[in-house]
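The values are calculated or read from the model by the stated rules, or taken from the named source; none is laboratory data. The model shown is predicted, which means the values in this text are computed figures rather than measured ones. Neighbour counts are summed over all protein chains in view; Cβ atoms, including those assigned to glycine, are modelled from backbone coordinates with ideal geometry. Only protein heavy atoms, including side chains, enter the accessible area calculation; ligands, DNA and RNA are left aside. Shrake-Rupley method; radii C 1.70, N 1.55, O 1.52, S 1.80 Å.
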Amino acid sequence: MENLYIPATASEPEVDFRFDTHSLTLKGESFPENAAAFYVPVIAAVESYLAGRSDTTIQVNVTLAYFNSSSTKMLFSLFEILNNAVLSGNIVVLNWFYDEDDDTILEFGQEIADDFAALEFRPQALV
Amino acid sequence: MTEHTLRVNDMLQSEINSFRELERKCNVIFYYSGLFSQNIVAAMAEALKQRLAHSGNKAATQRKVFSTFIEMAQNVIHYSADTFSDVDQQDDELRHGAVWIGESEGKFFIVCGNPVAASRAPRMRDRLNALQSMSQEEIKAAYKTQLRSENEAGSKGAGLGFLTVARDASEPIEFHFDEQPDGKTAMFYLKAKF
């Protein structure tokens, strides 16, 4: 399937989902006016990429400096789908980049790791 | 200059002085009253980020102030009763409100205000009263529960807005409803300190 690339805007993160190399990257800040309108198509693309897939190691790289409350909820849905992909025989590594001075981002990453225990959670402090 | 021009200049000077005086008295670092749209909020966010970056505050504090500003401003976009867009519209909304960011004794605070339908006020008051009486641990726990629950009808976000503001503020949030003479609307004000 085709890769998905959405350039960053003032209030939306860069989406760089390279399905051909199994590398999914989200980067920037996320506070769109309508988080569902932004994330539902992104999540749908991931769902079709994952459909029927097994024995794949997927690298997910998240470098979000800020996300608003409605984006938080959508991100949670995305990680749920990725967690389910592990249950169908894939390996999903979640590289979670965070600013060492900002515990909120790391805490949210740990929340995800707690709820979606099948993800291989790798927190990485940005230097 | 004619005598008339001098008099106009004096008046302008005096208006500017009284405006600046009020600005100092209220510790204003940023004030906006008018239409809120996503583009306007994103532009203000950019200005605020620059201001915070030069404030000497920790990155975590900067992010909390920024986060609260976004939640409050997007609340105006989505819920202000003074609207130029349809009530159920989800994109390209345009609504009226105000936001005031100040700094007092080295601490930031944010106040936002917008009209709400009087009928919504009691429910909002209940939710905000509950938040005021919660400890930080309780707020975090409520946030986690809400994150995992289904969205409420009528919510355009995740039902997490007020919880996010309460979580990021360093003191209990303050609020006030000012009932309007028309009986149909109330001005809603919310304040958070950091």
Toy charge model, Lys and Arg Cβ at +1, Asp and Glu Cβ at -1: the protein assembly as shown dipole around Cα centroid in debye, rounded to 20, equals 520
Excluding ligands, DNA and RNA, the carbon-plus-sulfur percentage of the accessible area of the protein assembly as shown with a 1.4 Å probe reads 52
With A:Asp102 itself left out, Lys, Arg at +1 and Asp, Glu at -1 over residues whose Cβ is under 13 Å from its Cβ give -4
Taking only the Cα positions of the range A:4-126, the convex hull volume per residue in Å³ is 91
By the C-alpha gyration tensor axes a ≥ b ≥ c (rounded if a/c is under 1.5, else prolate when a/b exceeds b/c, else oblate), the shape of the range B:5-99 is oblate
Chain A accessible area per residue, 1.4 Å probe, protein heavy atoms, integer Å², reads 43
With label points set 7 Å from each Cα along the Cα-to-Cβ direction at A:Lys27 and A:Ile43, the distance between them in nm comes to 2.5
Note: B:Asp126 to B:Lys58 extended length (0.36 nm per residue) minus current alpha-carbon separation gives 21.2 nm
Note to self, chain B gives a 222 nm [θ] from helices alone (DSSP H runs n ≥ 4, -39500 (n - 2.57) apiece, / all residues, nearest 500) of -15500 deg cm²/dmol
With +1 at each Lys and Arg Cβ and -1 at each Asp and Glu Cβ, the charge dipole magnitude of chain B around its Cα centre, to the nearest 20 debye, comes out at 740
Semi-axes of the protein assembly as shown from the Cα gyration tensor (sqrt of 5 times each eigenvalue, largest first, whole Å) come to 40, 22, 20
Within chain B, excluding any trypsin sites (Lys or Arg not before Pro) found in a DSSP loop (not H, G, I, E or B) and having at most 14 other Cβ atoms within 10 Å, the longest uninterrupted segment runs B:59-147
Over chain A, the sum of -39500 (n - 2.57) across DSSP H runs of at least four, divided by residue number and rounded to 500 deg cm²/dmol, gives at 222 nm -12500 deg cm²/dmol
For B:Ile29 and A:Ala118, extending 7 Å from Cα along the Cα-Cβ vector and measuring point to point gives, in nm, a value of 4.6
